[in-house]
There are 2 protein chains.
Amino acid sequence: MLKLSVLALTVSMSVAAFAAPQKNEPIQPIEPAVVTDAAKVELGKQLFFDPRLSKSGFISCNSCHNLSMGGSDNLPSSIGHNWQEGPINSPTVLNSSLNLAQFWDGRAADLQEQAGGPIANPMEMGFTHDLAVGVLASIPQYVQSFQDVYNTDTITINEVTDAIAEFEKTLVTPNAPFDQWLQGNDDAISADAKAGYKLFKEVGCTACHNGPAVGGNSFQKMGLFEEYVTDNPAEGVAGLTGDDLDRFKFKVPTLRNVELTYPYFHDGAYWNLEEAVDVMARLQLGRKLDEEQISQMTAFLKSLTGEQPSFAVPMLPPSTAATPRPVPFEKLAE
Amino acid sequence: MLKLSVLALTVSMSVAAFAAPQKNEPIQPIEPAVVTDAAKVELGKQLFFDPRLSKSGFISCNSCHNLSMGGSDNLPSSIGHNWQEGPINSPTVLNSSLNLAQFWDGRAADLQEQAGGPIANPMEMGFTHDLAVGVLASIPQYVQSFQDVYNTDTITINEVTDAIAEFEKTLVTPNAPFDQWLQGNDDAISADAKAGYKLFKEVGCTACHNGPAVGGNSFQKMGLFEEYVTDNPAEGVAGLTGDDLDRFKFKVPTLRNVELTYPYFHDGAYWNLEEAVDVMARLQLGRKLDEEQISQMTAFLKSLTGEQPSFAVPMLPPSTAATPRPVPFEKLAE
Ligand code: HEC
Ligand code: HEC
Ligand code: HEC
Ligand code: HEC
Ligand SMILES: [Ca+2]
Ligand SMILES: [Ca+2]
């Protein structure tokens with residue numbers, strides 16, 4: 001417990017240093033996105049929705065990070081190329097720009113580095129960077145957009161991932177009821193939510209879930225007081241470092257929009273927020289919460305659902321005679 | 001040839017009877033959608049995008065009729081539940097309200113009847129109507145929407161398909177360059193497109209492709225002058241009637257937005273519009289077009305690309321503790 005309290009103290013001190021006019025709290029409001037290059041964002045949006053970045057021509061980023069459903073797929077583990085079962089739960093892309101690193105184990109430094117991963121992952125989009133770039137280069141409207149945005153005739157994976165990342169940076173969800181409350185509107189959240197937030201701080205959740213994203217800014221061991229029992233073989237950061245101390249260390253997920261990002265935890269084993277809260281209190285803090293406390297905490301967590309990104313369904317430019325054809329079924333590849 | 005000429009004559013006569021102020025042509029402009037019940041359309045839009053109408057929780061109507069890509073999936077045959085290969089090419093949902101019946105063989109009378117099909121089709125969404133309705137009934141916002149729109153506490157598949165159909169009726173694509181030309185703007189299409197349209201009428205394409213949808217209003221045999229060679233076992237209308245005369249009779253597809261709905265024909269065997277034009281002229285009219293003619297005809301067909309439906313990506317209401325969970329992988333069903 002000592003370790004955690006010290007952590008909590010550090011957190012609230014650093015928050016104090018950045019204190020805004022609003023309430024001085026360990027959680028800060030989400031800032032709306034500032035779009036500096038609208039054409040780049042638009043291009044990134046098309047790419048995010050374009051299934052031609054996958055081998056099958058069927059799977060886009062939006063397949064697993066569905067922006068109609070809080071930026072994830074609401075499945076325990078994803079369905080990838082050829083209906084392969086993914087190894088881990090798909091995190092939301094909402095507010096992912098606020099993460100200290102990307103992926104559960106943080107193995108990508110930022111959104112651009114991350115975006116190259118799924119295209120070439122045989123379990124996800126099952127393609128290669130060269131083939132994906134080849135598809136784009138065969139489509140005049142894309143060539144024109146890359147020309148306009150990057151002033152280049154030659155598309156490479158760098159521009160592709162840069163544009164996707166730029167789009168993802170716009171996927172923030174400001175103005176949640178909780179943010180309105182933080183900014184002084186006392187009626188923005190219910191009495192239950194207020195009690196839940198008080199509890200959230202008191203029992204120590206804010207040690208790990210803090211900042212504007214209410215998480216996303218540290219790696220922590222899952223299962224401090226009790227072991228987390230799961231079939232999922234993911235090792236967390238230890239999978240990268242080989243260090244046994246890093247076993248089961250995962251990036252603390254954002255709790256923004258957590259109402260929408262079920263099922264919960266890296267294995268997607270818990271469907272109900274109430275259950276996830278109970279698990280967290282027991283495993284991370286050694287606390288057994290009663291039903292009322294869980295219900296209040298859940299009311300608070302639901303007040304973190306912000307304004308979802310709203311934009312028109314993007315139109316994708318058509319393929320041409322020169323566009324390599326998708327390979328949805330292996331026999332076609334022969 | 002006689003049969004076709006008579007048909008062409010009948011068509012142009014019936015057009016004359018409905019002549020509008022615009023040019024008296026066998027093709028008429030697409031009318032914009034008239035929305036009489038915006039709440040119903042909005043509900044239908046959510047359902048169209050909701051993968052929870054499928055067993056896996058992964059496949060929505062929009063997966064195979066992607067409104068970012070002209071309302072189809074741009075695959076020869078669709079990827080369905082469990083990555084099963086579909087039997088036939090996915091037609092566009094754009095302007096499908098103008099069809100005399102739905103499906104290649106017309107086995108559904110209208111959009112509402114059609115919409116029940118894919119949900120319960122084991123090759124497509126792999127679900128049942130009862131389970132799909134059960135999912136919706138567990139989600140308070142959906143219950144509220146059905147209450148508001150249909151004034152009922154009990155959701156049935158009828159309201160579900162009615163709302164989807166109502167949304168689909170809005171998916172028309174008015175104001176194509178060709179329509180602007182029809183309405184008197186002489187510069188709306190290129191000289192090539194004009195020459196292509198002249199040819200389209202002269203050689204007899206308008207016998208089958210006419211009316212506002214440039215098709216969709218009759219069933220015709222594929223392969224009148226030459227047999228259409230394909231691996232695809234689909235029999236067309238004969239599959240329904242058992243009548244050998246109906247073998248290879250398919251609903252004539254709309255040529256609206258045909259630039260976007262590659263690959264072509266019921267088996268999706270042709271990727272390039274030029275090739276499809278060549279096949280049609282040879283097989284349906286016994287004509288071998290030269291390269292210039294094909295290119296002009298293609299320019300005309302591309303002038304049929306209309307304004308694509310534009311709306312914000314719909315937000316789907318979250319599942320609850322009562323919502324039956326998706327079954328993406330069979331082992332979870334055990
Ligand atoms: C087949 C499913 C699938 C597809 C397709 C997919 N993702 Fe992911 N995504 C995942 C999963 C699963 C993870 C978590 C992987 C991990 O942490 O090891 C993830 C992680 C991420 C993350 C990190 C989020 C975080 O909080 O750590 C981002 C950002 C992301 N994906 C964006 C994208 C983009 C951009 C694309 C398309 C180029 C894409 N994804 C395609 C399933 C998918
Ligand atoms: C010591 C760090 C730590 C503390 C304290 C902590 N959490 Fe977490 N939280 C995590 C980590 C790490 C994960 C991800 C674990 C995993 O997925 O295996 C997580 C995941 C969650 C999730 C699931 C999010 C998702 O999208 O999957 C919820 C909800 C949650 N925490 C709520 C809470 C609540 C409520 C408390 C206090 C009762 C709390 N946490 C305390 C580190 C912590
Ligand atoms: C797995 C792919 C897939 C899914 C999912 C799917 N469709 Fe289809 N759709 C098809 C295919 C393939 C056809 C053609 C079948 C045939 O004609 O026999 C079709 C036909 C249609 C047609 C008829 C169009 C025409 O011109 O005849 C409409 C309308 C339609 N679908 C709407 C929907 C709706 C609404 C949903 C969701 C409830 C849906 N589809 C889900 C693949 C799919
Ligand atoms: C006798 C009727 C008939 C005539 C004449 C005809 N078509 Fe067709 N057309 C069809 C039918 C039926 C299909 C669908 C065949 C199939 O998919 O197997 C079709 C399909 C098409 C397609 C593919 C559409 C798609 O989305 O798959 C194109 C393009 C097309 N026709 C263009 C033309 C052109 C150009 C001409 C004149 C050179 C023409 N057609 C003449 C009946 C006709
Ligand atoms: Ca999740
Ligand atoms: Ca097609």
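The values are calculated or read from the model by the stated rules, or taken from the named source; none is laboratory data. No experiment lies behind these values; they were computed from the predicted model shown. Here Cβ is always computed from backbone atoms with ideal geometry, including for glycine, and neighbour counts include all displayed protein chains.
Structure summary
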item: Conditions (1) away from chain B (no Cβ under 14 Å); (2) closer than 22 Å to B:Pro318 by Cβ; number of the one not met by A:Gly71; result: (1)
item: Meets criteria (out of contact with any Pro (no Cβ under 9 Å at 6 or more places or on another chain), within 14 Å of another protein chain (Cβ to nearest Cβ) and buried (at least 20 other Cβ atoms within 10 Å of the Cβ)) for A:Ser96; result: no
item: Condition check for A:Ser78: within 8 Å of ligand 1 (Cβ to nearest atom), crowded, with 24+ Cβ neighbours inside 10 Å, farther than 17 Å from A:His266 by Cβ and in contact (Cβ under 8 Å) with a residue 40 or more places away in the chain; result: no
item: Some residue of segment A:250-258 being assigned to a loop (DSSP other than H, G, I, E, B), more than 30 Å from B:Met315 (Cα to Cα), within 16 Å of ligand 1 (Cβ to nearest atom) and among the hydrophobic types (A, V, I, L, M, F, W, C); result: no
item: Any hit, segment B:306-328, residues being within 17 Å of the chain's Cα centre (by Cα), more than 9 Å from every other protein chain (Cβ to nearest Cβ), assigned to a loop (DSSP other than H, G, I, E, B) and surrounded by fewer than 19 Cβ atoms within 10 Å (Cβ to Cβ); result: yes
item: Any hit, segment B:293-308, residues being more than 16 Å from ligand 3 (Cβ to nearest atom), assigned by TED's automatic domain parsing to the domain that holds B:Gly211 and without any contact (Cβ under 8 Å) to a residue 40 or more places away in the chain; result: yes
item: Meets criteria (within 16 Å of ligand 6 (Cβ to nearest atom) and within 14 Å of another protein chain (Cβ to nearest Cβ)) for B:Asn89; result: yes
item: Residue in segment B:245-257 that is more than 14 Å from chain A (Cβ to nearest Cβ), surrounded by fewer than 17 Cβ atoms within 10 Å (Cβ to Cβ) and more than 16 Å from ligand 6 (Cβ to nearest atom) present; result: yes
item: Within segment A:82-126, tally of residues that are in a helix (DSSP H, G or I) and within 16 Å of ligand 5 (Cβ to nearest atom); result: 1
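Conditions (1) more than 30 Å from B:Pro29 (Cβ to Cβ); (2) touching a Gly at 6+ places or on another chain (Cβ under 6 Å); (3) free of Cβ contacts under 8 Å to residues at least 12 places away in the same chain; (4) outside the structural domain of B:Gly196 (by TED's automatic domain parsing), marked per residue:
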| site | (1), (2), (3), (4) |
| --- | --- |
| B:Ser97 | no, no, no, yes |
| B:Phe103 | no, no, no, yes |
| B:Gly116 | yes, no, no, yes |
| B:Phe127 | yes, no, no, yes |
| B:Val133 | yes, no, no, yes |
| B:Thr161 | no, yes, no, yes |
